[in-house]
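Beneath this line is the structure, given in structure tokens, with notes to follow.
The values are calculated or read from the model by the stated rules, or taken from the named source; none is laboratory data. Nothing here was measured: the structure is a model prediction, and the numbers come from that model. Note that each Cβ is placed from the backbone with ideal geometry, even for glycine, and that neighbours are counted across all protein chains shown. The area values use the complete protein model at the heavy-atom level, side chains included, leaving out ligands, DNA and RNA. Shrake-Rupley method; radii C 1.70, N 1.55, O 1.52, S 1.80 Å.
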Amino acid sequence: MRRATIAPADPGLAELSPDQRVRRLELTVTRRLNGLLHGQYRGLLPGPGSEPAGSREYRPGEDEVRRMDWAVTARTAVPHVRQVDADRELTTWLLVDGSASMEFGTAELDKRELAVAAVAAVGFLTAGVGNRLGAQVLRADGVRRFPARSGRTHLLALLRTLLAAPRPTSPGDRPGWRSPDLADGLDALHRIANRRGLVVVVSDFLDGLPDDPRQPAPWERTLRRLAVRHQVLAIEVTDPRELELPDVGLITLVDPETGRRREVCTSDRRLRERYAEAAVVQRDQIHESLRRSGATHLPLRTDGDWSADIVRHVHAQRRLAAAPVGPARGGIA
């Protein structure tokens, strides 16, 4: 069952227009992220690349022997490794969860605004000559599709559309209508993402989680199929109140997907403990599904510094990619 709504996000941000929010996001990304993570053609995720970018001296314990540049090593008598950049003309596909559960937040941002911030970071960081960005947005009225195109204007239009999108209506307003879920969006993305590239899924990944945490999530299979062909980055968006309840007395919890309500007395310490325990199990279930699918996992919280989290994550991934791989395990890019 999805976490319920407790309180709205900071109303100050809601008063900004979509254009003002887009300018703020662009400023944050260009000031804090751009230049810290990659050069002109370095990808958002580490990979073997295919474009030669010269050689450099071998660093023991950090570089893989399979990347040795033997020609340069023989010529200079100093061990060198090949350097490569990520493929040029990268195509990045985004799947953005705009379902009702994303309309929740108790910190500076709500989950939908944090999802848009993540989209902005991905868009600006993968922008480059010839690079293209496409997106599919899950909404209560269906899937909104944005064709893969290049250029800053295309990215800014996508961000404005995400920020200006209408909030999901009450479940009772459209009887018999089934909103598309995460599995539907991944299936649609798998059909159109034919060329090898980067796939980024931004969601809380709560769709259809089975009661038995040992069972796979319904979206896991398609995510695994995408990971076979593409680099897949799963950006998980959470709010602190989805992890623990505050001691604030009697509150009304609302399931944003079904509209069901339940009154709960948060003064009960044991109830808060059970809630926190159930949240840990649920998050572990999501993390395990993402791990089995082969996706790279980036968790972001509405009460955290999302730009710093992205920087730390990308640096950690690059250190992992540069680490030597034992002969028994083999190497993966």
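Numbers below:
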read-out	value
Cα centre as origin, Lys/Arg/Asp/Glu Cβ charges: segment 206-311 dipole, Debye	460 debye
Accessible area per residue, Å², segment 215-316 with all protein chains present, probe 1.4 Å	50 Å²
Surface share of carbon and sulfur [accessible, 1.4 angstrom probe, percent] for segment 234-305	48 percent
Among Asn131, Ala121, Ser99 - extreme Cα towards positive end, dipole of segment 86-151, charges at beta-carbon	Asn131
About the Cα centre, charge dipole magnitude for segment 114-169 (Lys/Arg +1, Asp/Glu -1 at Cβ), debye	100 debye
Cut-off under 5 Å, modelled amide H: who pairs with Val232 long-range	Val199, Thr296
